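The values are calculated or read from the model by the stated rules, or taken from the named source; none is laboratory data. Values in this document were obtained by computation on a predicted structure and should not be read as measured data. Neighbour counts run over all protein chains shown; Cβ positions are idealised from the backbone, glycine included. Accessible surface areas use protein heavy atoms only, side chains included; no ligands, DNA or RNA. Shrake-Rupley method; radii C 1.70, N 1.55, O 1.52, S 1.80 Å.
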Amino acid sequence: MDESNSTAAREIAKAASALAQQQTGRVPKSVTAVLSEDTLVITLREALSPAEKALAQSPAGAAEVQEYHRQLFSNSSDSLQQEIHRITGVEVREAATEVASTTGTAVQVFTTGTIVQVFMLARCIPADSWSGDGPVGSITESEDQPG
């Protein structure tokens, strides 16, 4: 990545994508990092395997997939929190993750394979230090692959 063109949002999206690949062996189709005052939301789209998506079709299976990803997040979010701190200069105060299974309503697991991670930062980050394009930064699978 060309450091002269990097933004905090894009760097965080890349860090989240790399962690997802390290944890599961899968690269999400896209990753978006959105900042609103002191809340950072990272969305990993199509991050679940086909088997996880199939399992998530039933309520019991969805609960299993959600618990599995909660445990993954719980066991490895420290490294992502450290990256967020390194990139932004702001510590993460709290972190949570949800895996969702349907679109439209707030449920536990999305069949689309979308994972949402929320980080509460210790303070707000000035918008101009976040991204030249506003509060959103994202990468897609093709951008994250070696050229």
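Brief remarks follow.
- All positions within segment 30-66 that are part of a helix (DSSP H, G or I) and either closer than 21 Å to Ala15 by Cβ or open to solvent by 80 Å² or more (accessible area, probe 1.4 Å) (or both): Pro50, Pro59, Glu64
- As a summary of the residue check, Ser74 satisfies the conditions (1) surrounded by 14 or more Cβ atoms within 10 Å (Cβ to Cβ); (2) at negative phi except for the one numbered (1).
- Every pair of residues 6+ apart whose Cβ atoms lie under 8 Å, when the first sits in segment 61-87 and is closer than 16 Å to Ser17 by Cα while the second is in a helix (DSSP H, G or I) and of a type in the set (Ser, Thr, Tyr): Leu72/Thr24
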